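To keep things clear, I will list the structure first and then write my remarks on it.
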Amino acid sequence: MAGRQFGSAGVENAEQCMQKATLDFLKKLKRNNNRDWFGDHRAEYDAALADLHETVDQIIVATARFDSSIKKSLKAKDCVFRIYRDVRFSKEKSPYKPHFGALIGPEGRKGMLRAGYYFHVEPGGRSMLGGGLHQPPGPTIQKIREAISRNGQAMRKIIEEKKFRDTFGELDGESLKSAPRGFSADHPEIELLRLKSFTAIQKVPDEVMLDPKLPDRAATVFRVLFPLNVFLDRAVLAK
């Protein structure tokens with residue numbers, strides 16, 4: 001299930017776009033993904049990372065206006081993922097990710113058990129805005145499935161709302177081939193119960209990443225996702 005392309009709606013407040021040099025650095029890194037090249041271009045990486053942090057800080061401020069779980073103390077340094085790839089258990093042995101990513105949520109990038117907002121920077125139209133909860137572990141997804149089983153209509157109302165559909169299309173990700181353990185195959189919400197992740201994404205073209213209104217445009221997308229994150233967090237945090 002693919003996400004939608006970025007729309008034109010936004011609110012006018014923050015002004016901080018990604019710099020073209022940042023996208024150019026990522027393009028060059030993809031072509032030269034080795035330690036020698038990276039070392040020779042360390043200054044470019046440092047400048048790109050600083051640009052990313054400035055943008056993410058602005059997005060955090062814009063998102064915190066409607067989501068009280070995003071605290072004023074949260075900073076980009078808490079949200080941005082390392083560019084260094086963990087190659088120990090991966091077939092992909094290139095040492096660096098050809099993109100930047102940040103998870104904006106109550107605990108930043110460490111809060112993988114809470115719903116959040118994801119900002120992904122990758123040139124060539126591969127940047128993304130989205131969020132939700134990606135592949136939660138067994139006990140966490142069990143809580144979400146129990147919430148769906150009790151009140152799946154509430155979640156379905158969120159994801160079938162016109163603005164959600166126009167922004168994201170459908171939920172993104174894989175599903176189980178059969179009903180999860182403990183749930184009937186003929187449950188009325190079996191499609192939602194079979195999901196492995198509860199995420200939605202929107203592809204963002206490069207020209208939008210370079211738009212000075214990027215932080216507020218990102219927050220506009222995240223606001224559409226907000227009701228889904230509330231549903232997921234209530235399920236996860238339930239005693």
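Brief remarks follow.
- Test: residue in segment 72-92 that is buried (at least 19 other Cβ atoms within 10 Å of the Cβ), out of contact with any His (no Cβ under 8 Å at 6 or more places or on another chain) and among the basic types (K, R): no
- Within segment 94-123, considering residues that are among the hydroxyl-bearing types (S, T, Y) and touching a Leu at 6+ places or on another chain (Cβ under 8 Å), the one nearest to F38 (Cα to Cα): Y96
Conditions tested, residue by residue: (1) within 28 Å of D206 (Cα to Cα); (2) touching a Leu at 6+ places or on another chain (Cβ under 7 Å); (3) modelled with pLDDT under 95.
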position: Y84; (1), (2), (3): yes, no, no
position: E92; (1), (2), (3): yes, no, yes
position: L133; (1), (2), (3): yes, yes, no
position: R150; (1), (2), (3): no, no, no
position: K163; (1), (2), (3): yes, no, no
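- Taken over segment 80-123, the criterion of being within 25 Å of D57 (Cβ to Cβ) and of a type in the set (G, A, S) is satisfied by G101, A102, G105, G108, G111, A115, G116.
- Number of the exception - V230 against (1) of a type in the set (V, I, T); (2) surrounded by 17 or more Cβ atoms within 10 Å (Cβ to Cβ); (3) under 22 Å from L113 (Cα atoms): (2)
- For segment 14-115, the helices (runs of 4 or more DSSP H) that sit wholly inside it and include 1 or more residues that are over 18 Å from the mean Cα position of the chain (by Cα) are 20-31, 35-40, 42-64.
- Test: K97 is basic (K, R) and modelled with pLDDT of 95 or more: yes
- Those residues of segment 78-111 which are of a type in the set (A, V, I, L, M, F, W, C) and in contact (Cβ under 8 Å) with a residue 24 or more places away in the chain, in sequence order: C79, V80, F81, I83, F100, A102, L103, I104
The values are calculated or read from the model by the stated rules, or taken from the named source; none is laboratory data. Small disclaimer: the values here were computed from a predicted structure and weren't measured. Cβ coordinates were reconstructed from backbone atoms using ideal geometry, including for glycine residues, and neighbour counts include every protein chain displayed.
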